[in-house]
Amino acid sequence: MNILLIEDDQPLADGLARALRQAGYRVDAAGTAGEALRLLDAGAYDAVVLDLGLPDLDGSAVVAHLAAHRLDTPVLVLSARDGLDERVRLLDIGADDYLVKPAALDEFLARVRALLRRRRTGERLQVGRLQLDTDGKRAYLDDAPLDLNGREWALLAFLAANPGRIVSRDEIAAALYQNDAGVSDNAIEQIMSRFRKRIADCGLNLRTVRGLGYFFEIGDGDGGD
Amino acid sequence: MEMAATSLRGHLLALLLPVAVVAMLGGILAVYFIALRASATALDDGLTDAAEIYAAQLRARPGEVPQELSAHAQRVLLATPEDRIFFSLMDVNGRLLAGDVKLADDLPWGSLDKPAFFDLNHSGFWLRGVSVVFDVNGQVRHMILATTAQKREELMGDIMLGMVVPQIVLFLLSIVLVWAGIRQGLTPLIALQSEIGRRSHRDLRPLETRSVPEELRPIVAEVNDLFARLERAIEAQRNFVADAAHQLRTPIAGLLAQLETAGPVTVENPALLLTARRLARLVGQLLALSRAEPGIEPAQADFDLAALIREEANAWLPQAFRRDIEMRFELAAAPLHGSAHACREMLANLVDNAIRYGRSGGIVVVSCACDGDDVVVRVDDDGPGIPPEERQRVFERFYRGSTASADGCGLGLPIVAALARQQDAAVRLDTAPGLGGLRVEIRVPRRAVRESAA
C-alpha cells in the first residue's frame, strides 16, 4: 500500500509518516503541492493524505489535479480549518474524507484504512480478522472459510459496508429482505443476536444502541499496529 | 442614581417656578394698588361732588339748613344701601348746625377746590371722608362728609376678581404647559431608552438617528460610535483567540503524532501523551468558545433535532465504547428553526462531558422531544453528578467541579452556555432521575430565533 503524505509542517509530517509506516504502509512525503503533483504523476498511490495550507498552493489544487486527470486515488484531507463550508467544498471537489487537526492517531489510521477499503473492490476485503470475498459471497477467518448462510452473508456484507455508522432496524430489514414484508423488530433482534455469536472473535464489534439500532465497529485488524 | 439630581423635568420646574410665582405675586400686587387707587379716586370724587351739591343747596336757600343729604348727593356718593353716611355741618366755632355728631376734632380743613380727605375708624367702621370749609353768604361753614368703604371694597373686589383670577389661571396653565412640554420634549429620550433597553448584549447595530431630535443627535452619534468601537474590539478579541487556537492546531497535531509514534518514551511516560491530548482538546474548546461568543450569528435553518442526534451519534459511540459506556437514545421528532451547528456543538460537549465524567461501564441517555413552544434535549448519566451548590459555578470558564476527575479543562459547559445564549435557549442542571447522575437539560425555542432575527 503506497500512501502519499502531503504536509508542510515537518514534525507533523514525520509523526504521521512514522505512524503510517508502523501500520505497514509505504509512505512518500511531500512538503509542497508542486512536489506532490510531481510524485503523483510519477508513481501510483493507493491513497493521499493532504494538508490544505501548503506554502505554494492550496491543498485543494491537488484534489483538483487528481479529478482533472481522472485519478481515483482516494484523498483524506487533514486540515486545521474546521468550518463546515470548507469541509463541504473539499468533499464536493472530490476529496473522500476530511479530518480536522489535531486528530487522534487512532482515528487518523482508521480513516486511512476505510479509505483503502473503499478502493479495494474485486479483491478480498479485510474487515477485522475477516476477509470478505464479495464476488464469491464468502468470508474467511484467517484464511479458513466461515460457514455463513445467505442471510448471514448479506448481513455481514451490509455491515461491512457501513462500519462506524448506526444502522437502524429498518435499514437492516431492507438489506436482508428485498420485498418489504413487514419484519418484526423482534425478528431482527433475534437475527442480530445470533449473528453476534457467529462473528465473536473476529475482531469485530456489533453493539446494540438502544433507541437507534446497531453500531458495527471494525477493530484494528488489518494494519501492523 | 438619585433621581432628583438628574431629573431634567424637576430641574426646569425648579428654575421656572420661582420666577413664575414672583411674577404672579408682583402682578397681583400691582393690580391691587391700581385697583385701590382707582376705587379711592372714584370715592373721593363722589365725596367732593356730594359736598359741592350740599354747599350749593345751602347757598341757594340761605335760611334753611338741610339735615340730610339730598337724594342726588347720595347718588353721587355711589353709596350702596348698606353703606353708612356720616355728615355734619358746623359753623366757624365748631358748633353743630346739621347732621350727626362730630366725627373728630382735629380734621384738616380743605376747600371745595382743594378738599382734605381722611381715613378714620369710627365706632367700628373704617370711614373715608372729606373735610371742606366753604363760604355761605359770608358765613364760614365747615362740612365733614364720610362714608363707609363698602362700595369701595366692592369695587376693589370686582377689579381684583377681574384681574387676579385670570392671572392665577394663566399661572397654573403655564405650569401645566411647561410640564407637558417637557414631557413631550423628553419623549424621544424615553423612546431611545426603551430602544437601548430592548437590545440584547450582542446587538451592537447603530441606533436609528432619523427620528431623534436634533439636540439628541450628538449623544446618539457618540453612542453609535461607541457601539462600533466595542464591536471592533470584540471582533478583534474574538479573532485573536480564534487565530491563536487555529495556529496552535498544526504544531499540536505534530506533537501528538510524534508522541504517539515515539514508542518506548511514551510507553514509559504515559503522562506525555495524556498532556498533549489535553492540550489538543483545550485548543479545540477555546476555538469553539470563541465561536460561541456574542456577535456571531450562525446560519439559521429548519431542521429536526432528532435527526441531528441520530447523525452525530456515530461520532459519539466509539468514544463511549472506549469507556465501556452504553449510550441509549429516546428520540421523538423535534423540528425547530435555529442553528444546527450550535445544537451539534452543544450536544457534542454535553455527550463528551457525560462520557468523560460519567462512570466507566455506565449509561448515558440522550433524549429529545417537543414540549410546547420548545424543543427539550436531555443528556443524563449515572456518574457522580454535580452537587447543587456547584451547579452555577460549572458554567464559569475553566472552573472544574469537585466531582470532575478526568482530564477536562472546564470549558465544556461554558461553551454550551454561550451557544445556548446565542440560541435563546435555557440550560438547566439537575440530578438524572433513575440514573442518579447528572442531567443537563436544554430548552431551545422552536421559533424564537426566527422572530428575533426579523
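Dipole magnitude for the protein assembly as shown: computed about the Cα centre from +1 point charges on Lys and Arg Cβ and -1 point charges on Asp and Glu Cβ, it is near 780 debye. Helix B:8-60 axis versus longest C-alpha principal axis of chain B: approximately 10°, rounded to the nearest ten. Across peptide B:310-317, the average count of Cβ atoms from other chains found within 10 Å of a residue's Cβ is 4. Across the protein assembly as shown, the volume of the C-alpha convex hull divided among the residues equals 296 Å³ per residue. Among B:GLY157, B:VAL394, B:ALA292, flag the residue with its Cα farthest along the positive direction of the charge dipole of the protein assembly as shown, charges on Cβ as +1 for Lys/Arg and -1 for Asp/Glu. So the residue we want is B:VAL394.
Once you charge only the Cβ atoms, +1 for Lys and Arg and -1 for Asp and Glu, what is the size of the charge dipole of region A:67-225 about its Cα centre, to the nearest 20 debye? Don't skip to the end; give the middle numbers.
On the way: 24 positive and 26 negative charges, 17 e Å.
My answer is approximately 80 debye.
To the nearest ten degrees, helix A:185-198 and the longest principal axis of the Cα atoms of chain A are 70 degrees apart.
The residues neighbouring A:ASP41, those whose beta-carbon lies less than 14 Å from its own, together hold a net charge of 0 under the Lys/Arg +1, Asp/Glu -1 convention. Normalised by the number of residues in region A:123-225, the mean separation of alpha-carbon contacts (under 8 Å, six or more apart) gives a relative contact order of 31 percent.
Under a 10 Å cutoff between Cα atoms, tell me which one of A:SER168, A:SER184, A:SER79 has the largest fluctuation in the Gaussian network model of chain A. Of A:SER168, A:SER184, A:SER79, the most mobile in the Gaussian network model is A:SER184.
Per DSSP H run of n ≥ 4, the term is -39500 (n - 2.57); total these for chain A, divide by its residue number, and report the mean residue ellipticity at 222 nm rounded to 500 deg cm²/dmol.
Values: 8 runs with 90 residues, N = 225.
Calculated from helices alone, the mean residue ellipticity at 222 nm is -12000 deg cm²/dmol.
When the dipole is taken about the Cα centre of chain B, and only Lys, Arg (+1) and Asp, Glu (-1) are charged at their Cβ, what size is it in debye, to the nearest 20? Each step should come with its number before you reach the end.
Details: 47 positive and 56 negative charges, 259 e Å.
Here chain B has a charge dipole of around 1240 debye.
Along region B:194-201 the Karplus relation, 6.51 cos²θ - 1.76 cosθ + 1.60 evaluated at θ = phi - 60°, assigns HN-Hα couplings of 5, 4, 6, x, 6, 6, 7, 4 Hz to successive residues, with x for each Gly and Pro. Within the protein assembly as shown, what percent of beta bridges assigned by DSSP are antiparallel, to the nearest 5? Bridges in the protein assembly as shown that DSSP calls antiparallel: roughly 75 percent. Farthest towards the positive end of the charge dipole of region B:14-121, among the residues B:PHE33, B:ASN121, B:GLY94, is the Cα of B:PHE33, using unit charges on the Cβ of Lys, Arg, Asp and Glu.
The residues of the protein assembly as shown present an accessible area of 52 Å² per residue when probed at 1.4 Å with all protein chains retained.
Under 8 Å for C-alpha pairs, at least 6 residues apart: give me the relative contact order for chain B, rounded to a whole percent. Rounded, it is 10 percent for chain B.
How well do other chains shield peptide A:13-25, expressed as the mean number of their Cβ atoms within 10 Å of each residue Cβ? If you can, show how the numbers build up before the last one.
Numbers: counts 2, 4, 10, 7, 2, 6, 5, 2, 1, 3, 1, 0, 0.
Taking the mean over all residues of the peptide, I get 3.
Put B:THR148, B:THR187, A:THR32 in order of accessible area, highest first, and with a 1.4 Å probe you get B:THR187, A:THR32, B:THR148. Ranking A:LEU39, A:HIS65, A:GLY24 by how far each Cα lies toward the positive end of the dipole of region A:1-117 (charges on Cβ) leaves A:GLY24 at the top.
Can you give the average number of partner chain beta-carbon atoms within 10 Å of each beta-carbon in peptide B:254-266, as a whole number? Don't skip to the answer; put the middle values down first.
Working: counts 11, 4, 11, 17, 7, 2, 10, 12, 2, 2, 0, 0, 0.
Other-chain Cβ atoms within 10 Å of each residue's Cβ, averaged: 6.
Region A:20-41 and region A:153-210 have Cα centres lying 38 Å from one another. Summary of the geometry: region B:28-44 and region B:362-413, compared by the centres of their Cα atoms, lie 90 Å apart. Per-residue ellipticity at 222 nm from helix content only, as computed over chain B with -39500 (n - 2.57) for each DSSP H run of at least four residues, stands at -18000 deg cm²/dmol. Calculate how steeply helix B:217-260 sits against the longest principal axis of the alpha-carbon atoms of chain B, using the helix alpha-carbon long axis, and give the answer as 0 to 90 degrees to the nearest 10. So the inclination is approximately 10 degrees. One quarter of the convex hull surface built on the alpha carbon atoms of chain B amounts to 40.8 nm², the projected area averaged over directions.
Over chain A, what is the mean sequence separation of C-alpha contacts under 8 Å (at least six apart), divided by residue count, expressed as relative contact order in percent?
It comes to 15 percent, rounded to a whole number.
Could you work out how far the C-alpha centroid of region A:49-76 sits from that of region B:140-210, in angstrom? With region A:49-76 and region B:140-210 each reduced to a Cα centre, they are spaced 83 Å. Answer rounded, prolate or oblate for region A:1-117, using the Cα gyration tensor with square roots of eigenvalues a ≥ b ≥ c: rounded when a/c is under 1.5, else prolate when a/b is larger than b/c, else oblate. In terms of gyration-tensor shape, rounded.
The values are calculated or read from the model by the stated rules, or taken from the named source; none is laboratory data. Predicted model, so just to flag it, every value in this text is computed and none were measured. In this analysis, Cβ positions are derived from the backbone assuming ideal geometry, glycine residues included, and neighbour counts consider all displayed protein chains. To get the accessible areas, we keep the full protein, side chains included, count just its heavy atoms, and leave off ligands, DNA and RNA. Shrake-Rupley method; radii C 1.70, N 1.55, O 1.52, S 1.80 Å.
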